[in-house]
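The values are calculated or read from the model by the stated rules, or taken from the named source; none is laboratory data. Small disclaimer: the values here were computed from a predicted structure and weren't measured. Glycine also receives a Cβ, built like all others from the backbone with ideal geometry; neighbour counts cover every protein chain displayed.
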């Protein structure tokens, strides 16, 4: 132990400004990787890999095990080559975010891409009526990322957004009520669209673990793209919004409208958007008692 403390003291004595910068860059890269993998199944695997690497490093440095050290040095390059394969979806998503940042679209707030006020009003009105009637619905709003691949899975409409049309689409047992409605700009691009289901397990860690396919699809499309998904539960009438792999629940029409305006009316800076969304999260009241919630 005394030798270990002396080694640590020796390292601090050799620490320079360039060494501190070097450590800061490595820390920044690791932090960026953790942010990219946040709320995904890969986090559990990454945690295990980090723990294993730290344990093996300490074991080989504190105890003289020549054969075991040789084995670790031999297999470590293979492990490093396997990491990009294991985390390929998360790495691709992170690179897409960097690409949007390079084009000034890190927050998905492209100039001229905001929804018109009347479109937001129509969506909020429809969501409130669907909630009151407990009719299930999934409405996906396109932002910077194209949703054309998902639009092709549904029935093209290219119709102006109105509350009456959305109510008719999601009326139970009608041909288009299953699946999602995708809105691009001020038009309903398609209905009955198939969305990817969430693979992150976020809903399994919430108090309400029994979620239906609409909630999982809303999280799934928000994980794969920067779209905003609005869900109305057909069991409780609860309104939820999903974005970036996270879900805000128990919304009323006023808060839903505020959230949509926050997303589609670009603030002065990214910090303003983060602050406004944080405030919307914090204003959530205590969770009312509910029964089983389905799609």
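As a summary of the residue check, residue 138 satisfies the conditions (1) assigned to a helix (DSSP H, G or I); (2) at pLDDT 95 or above except for the one numbered (1). For the range 15-46, the candidate set comprises residues that are modelled with pLDDT under 70 and outside any helix (DSSP H, G or I); within that set, the residue that is nearest to residue 247 (Cα to Cα) is 39.
Regarding residue 149, is this residue assigned to a helix (DSSP H, G or I) and out of contact with any strand residue (DSSP E or B) (no Cβ under 6 Å at 6 or more places or on another chain)? Spelling it out, residue 149 is indeed assigned to a helix (DSSP H, G or I) and out of contact with any strand residue (DSSP E or B) (no Cβ under 6 Å at 6 or more places or on another chain).
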